[in-house]
Amino acid sequence: MNVLVLGATGGTGRLIVRDALAKGHRVVALVRSAARAALPGADLIEGDARDEGTLRRALDGCDAVVSALGTGVGFSEVSLLTVATRALVSAMTYVGVHRLVCISALGVGDSRRHGGFVFDRLFQPLLLSHAYKDKERQEAAIRTSSLDWVVVRPAQLTNDPARGSARAVTDLTGFNGGKIARADVAKFVVEQLTTDAWLRQTPVIAW
């Protein structure tokens, strides 16, 4: 399978590229600077993920897309995910690529208030409010599309070694936070390229 990866130079994105290549997929990575990307084995295309024309060009010959785009902690309005995802949905629809696996986060949508006391009462409202509004709009753009999508909502990310498995749930009754390694998120995301187990669902994944 030929896979376009957005956010490929981020902490989780690099692991997604590695795992996808290891599974025999061809990876195309849309990056701002090919010279600084350091993604051995991937085909690099330079450009802005918010530009639909660039996305159409990057999608040429691809069968699926993984979006690992993210925004940082901050006190200012952000719109990267909103703008990029709307452009991506339009580009994918135009060129006829249907499979999209997108990384969101625990705390978005109906997973709000399932991150644990400190996260729910302090961290998310004080430090992540703008970023999470951006993620909400991102998910809305995906949900209302005609794409074959999976939105993955990881719990708190760590750089621990992979455990090789992740617990995925959509029924969050009794679920209050958790952690998961970026490496296990990458593994789960790559698996969604070739299975319909979570099609058009928003699984939370944690250990």
Check: Taking amide hydrogens as modeled 1.01 Å from N in the peptide plane, which residues meet the under 5 Å criterion relative to Arg153, leaving out close sequence neighbours?
Finding: Ser104, Val204, Ile205
Checklist line | In sequence order, calculated HN-Hα J values of the range 133-149 (Karplus, 6.51, -1.76, 1.60; Hz; x Gly/Pro) | finding: 5, 4, 5, 4, 5, 4, 4, 4, 5, 6, 4, 8, 7, 9, 6, 8, 10
Next item on the list: Pull up the DSSP beta bridges for the range 2-206 and report the antiparallel fraction as a percent, rounded to 5.
Entry: 10 percent
Checklist line | For Thr158, residues with placed amide H under 5 Å, excluding near neighbours | finding: Ile180, Ala181, Arg182
Notebook entry, point to check: If the cut-off is a Cα-Cα distance under 27 Å, which lysines reach Lys133, setting aside same-chain residues fewer than 8 apart in sequence?
Noted result: Lys179, Lys187
Item checked: Label-point gap, in nm, between Thr170 and Thr93 - each point 7 angstrom along Cα→Cβ -> 2.2 nm
Next item on the list: Return the ratio Rg/(2.2 N^0.38 Å) for the range 88-161, where Rg is computed over Cα atoms only.
Entry: 1.27
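Rounded to the nearest 5, what % of DSSP beta bridges with both residues in the range 85-207 are antiparallel?
Counting only bridges with both partners in the range 85-207, antiparallel ones make up about 25 percent.
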Note to self: Once R0 is set to 25 Å, what does the formula 1/(1 + (r/R0)^6) return for the Cβ-Cβ distance between Arg137 and Arg36, expressed as a FRET efficiency to the nearest 0.05?
What the structure shows: 0.30
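Read-outs throughout are calculated quantities, based only on the coordinates presented, and are distinct from any laboratory measurement. These numbers were taken from a predicted model, which means no experiment stands behind them. Using ideal geometry, Cβ is built from the backbone for each residue, glycine included, and neighbour counts are taken over all protein chains shown.
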